[in-house]
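The block underneath contains the structure these notes are about, expressed in structure tokens.
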Amino acid sequence: MSSPAEFYKSLPPVTKFFGTACLASTVACQIGLLSPFHFALFYQLVFYNFQVHRLFTSFFFLGKFSINFGIRLLMIVRYGAQLESGPFQRRTADFLWMMLFGALSLLVLSGIPLLWTPFLGPSLVFMLLYVWSREFPNASINIYGLVNLKAFYLPWAMLCLDVLFGSQIVPDLLGIIAGHLYYFLAVLHPLATGRNMLKTPQWLYPFYTIYLGWYCSQLTNP
């Protein structure tokens, strides 16, 4: 079995960045270096106080150390890595575009008063889970050693469990909506019409190439 350091090093780049950012944000809040308020999305502060960073930081906070935080982080590591190394293998720019499209969709959805939530990290994780469940619909999943079900139903099962454990339904529901919107535009609609309405923008590829060069250099260095 590989060591934790080797396992971390083996994670694909986008998944590694997202998971690391979420973990670092939680650690910073846990030790009192920052407050969760600094990560929260408040549109009044964005537009009237020009605190534009909130449009980004709200995706990197999954809550303080708890069981829910651990589950969300495991979702990133497991389902994000399986997507990026499986259906998106050698298509890291496309995977990054999926994440960016999901983030933009969540920002728009969260602008609706009834759907607003201050932290969009859990929603983005749920979007990953939804897309994964569509790419691996027949995979067998065991939930807490109690229930076996197909991966296709996993997002809805996790949503129900979150509600039963007292978590808010809105973040999970936002993630499912954003995930379905992406999957419809990127997969279902092209299959039905032959036209891809959600092509990865060309401007993403130069940034990806630069990052990939750095990432490969990290893999080759001990």
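The values are calculated or read from the model by the stated rules, or taken from the named source; none is laboratory data. In this text, all values refer to a predicted model and were calculated from it rather than measured experimentally. Methodologically, a virtual Cβ is constructed for each residue, glycine included, from the backbone with ideal geometry; neighbour enumeration extends over all protein chains shown. Surface accessibility is based on the protein's heavy atoms, side chains included, excluding ligands, DNA and RNA. Shrake-Rupley method; radii C 1.70, N 1.55, O 1.52, S 1.80 Å.
Observations
- Residue ID - modelled with the lowest pLDDT, chosen from residues in the stretch 166-200 that are surrounded by fewer than 11 Cβ atoms within 10 Å (Cβ to Cβ) and either in contact with a Lys or Arg (Cβ under 6 Å, 6 or more places away or on another chain) or not charged (D, E, K, R) (or both): Gly166
- Within the stretch 138-156, the residues that satisfy the criterion of being buried (at least 16 other Cβ atoms within 10 Å of the Cβ) and either out of contact with any helix residue (DSSP H, G or I) (no Cβ under 6 Å at 6 or more places or on another chain) or in a helix (DSSP H, G or I) (or both) are Ala151, Leu154, Pro155.
- Of the listed requirements (1) at pLDDT 90 or above; (2) open to solvent by less than 40 Å² (accessible area, probe 1.4 Å), Leu161 misses just one: (1).
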